Amino acid sequence: MHERITKAVIPAAGLGTRFLPATKAMPKEMLPVVDKPAIQYVVEEAVSAGLVDVLMVTGRNKNALENHFDRVAELEATLKAKGDDAKLMQVNASTGLAAMHYVRQGDPMGLGHAVHRARMHVGNEPFAVLLGDDLIDERDPLLRRMLDEQVARDASIVALLEVDPDQIHLYGAAAVEPTDDPDVVRVTGLVEKPVREAAPSNYAVIGRYVLKPDVFDVLERTAPGRGGEIQLTDALMTMAKDVSGTGGVYGVVFRGRRYDTGDKLEYIKAVVQLAADRDDLGPDLRSWLVEYAVGL
Ligand code: G1P
């Protein structure tokens, strides 16, 4: 249904200060989640939803990202010579995944600014934005549904997750109205990281968006908001209100498994949960976890 949408934009220019000192010399997107860098999960998610053209918006210190999605001839030759096909496959898995493109953000002026840097590459077609801190479990696909809704409604689509009201200050929060589909709501307002009392609901925007290209013009007119940064949330707020021009904004309510690798504790939980689900590591890890928990 969504043959038209092939482009994914992945903002990856952040400094990763929440993970210092691990991120002093290494991009936070390269932190391993079990045995793959977090960013590889995100690119794999894009590709499995049909988004085979990926633009990463990067910054200084991010060369490891480009290297990870490129060939490593020496390593390949060594593994080939050893006949280690399993490892060779793992090494090559990230190489041919997608058509990778890179642009630097330049000034670190916020998520809205990073997305605007994709304008030249994206052109005049709808596209997806995937934030690297959010991992969506591949068993609970979200992006495909969002792409279908974008086409069906000719609107911009955000992913919404119901969170504990105590957590809403960490997210963009959406004011919503129901539609005739229980999984889809119309977004009537958005606030970036409101205090609990000011949040219009406990629907949090999570890091998946399918946007109409109108967003670029709106971003150009969007003044710096929270934190002095150009906020994607603010541009989407404009689009949610100006339905005539842009088709408005709808939210797909996600009820599946999501892991927040941008937060230390949540990152640790993600690694444990994903490892516990794996056939190779799961059985041993699960029995150890039970033993360990008893001793706590
Ligand atoms: C960004 C967005 C926010 C959204 C969040 C999802 O914030 O600005 O609206 O809810 O991603 O992860 P960040 O977490 O990058 O500060």
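Scanning segment 74-93 for residues that are farther than 19 Å from Pro37 by Cβ and open to solvent by less than 80 Å² (accessible area, probe 1.4 Å) yields a total of 4. The set of residues in segment 112-130 that are charged (D, E, K, R), more than 16 Å from the ligand (Cβ to nearest atom) and more than 14 Å from Leu51 (Cβ to Cβ) contains only Arg119. Put simply, of Arg255, Arg286 the only residue that is under 22 Å from Asp164 (Cα atoms) and not hydrophobic (A, V, I, L, M, F, W, C) is Arg255. Number of residues in segment 40-61 that are open to solvent by 40 Å² or more (accessible area, probe 1.4 Å) and touching a residue at least 60 places away in the same chain (Cβ under 8 Å): the value is 3. The single condition from (1) more than 19 Å from Gln231 (Cβ to Cβ); (2) out of contact with any His (no Cβ under 6 Å at 6 or more places or on another chain) that Leu147 fails is (2).
Each residue in segment 193-204 was checked for being open to solvent by less than 30 Å² (accessible area, probe 1.4 Å) and within 19 Å of the chain's Cα centre (by Cα), and 1 of them qualify. Among residues of segment 152-165 that are over 19 Å from Asn202 (Cβ atoms), those with a Cβ under 7 angstrom from a residue that is part of a helix (DSSP H, G or I), sequence gap 6+ or separate chain, pair up as Ser156/Val215; Ser156/Leu236; Ser156/Met239; Ser156/Thr246; Ile157/Met146; Ile157/Glu149; Ile157/Gln150.
Scanning segment 37-65 for residues that are at pLDDT below 95 and charged (D, E, K, R) turns up Arg60, Lys62.
Remark: pairs (first residue in segment 62-77, over 19 Å from Gln105 (Cβ atoms); second residue open to solvent by less than 90 Å² (accessible area, probe 1.4 Å); Cβ separation under 7 Å; 6+ apart in sequence or on different chains) = Asp70/Thr95; Arg71/Thr95; Val72/Val91; Leu75/Val91; Glu76/Leu88; Glu76/Val91.
The set of residues in segment 136-156 that are within 16 Å of the ligand (Cβ to nearest atom) and within 14 Å of Val210 (Cβ to Cβ) comprises Ile136, Leu142, Leu143, Met146, Ser156.
Of the residues making up segment 4-21, those that are in contact with a helix residue (DSSP H, G or I) (Cβ under 9 Å, 6 or more places away or on another chain) and farther than 22 Å from Gln105 by Cα are Arg4, Ile5. When you look at Ala198, is it within 15 Å of the ligand (Cβ to nearest atom) and under 27 Å from Tyr259 (Cβ atoms), yes or no? The answer is no for Ala198. Residue check: Val191 meets all listed conditions (1) in contact (Cβ under 8 Å) with a residue 60 or more places away in the chain; (2) among the hydrophobic types (A, V, I, L, M, F, W, C); (3) assigned to a strand (DSSP E or B) but one, namely (1). Given the criteria farther than 30 Å from Val272 by Cα and either within 16 Å of the ligand (Cβ to nearest atom) or surrounded by 23 or more Cβ atoms within 10 Å (Cβ to Cβ) (or both), does Leu170 qualify? No: the conditions fail for Leu170.
Evaluating Asp133 against the criteria (1) surrounded by fewer than 15 Cβ atoms within 10 Å (Cβ to Cβ); (2) touching a residue at least 40 places away in the same chain (Cβ under 8 Å); (3) within 16 Å of the ligand (Cβ to nearest atom) leaves one unmet condition, (1). Scanning segment 157-167 for residues that are more than 14 Å from the ligand (Cβ to nearest atom) and within 20 Å of Ser48 (Cα to Cα) yields a total of 1. Taking (1) part of a helix (DSSP H, G or I); (2) under 23 Å from Leu285 (Cβ atoms) in turn, Ala22 satisfies each apart from (1).
The values are calculated or read from the model by the stated rules, or taken from the named source; none is laboratory data. Everything quoted here is computed from the prediction, not taken from an experiment. Virtual Cβ from ideal backbone geometry, glycine too; neighbours counted across all protein chains shown. These area figures cover heavy atoms from the full protein model, side chains too; ligands, DNA and RNA do not enter into them. Shrake-Rupley method; radii C 1.70, N 1.55, O 1.52, S 1.80 Å.
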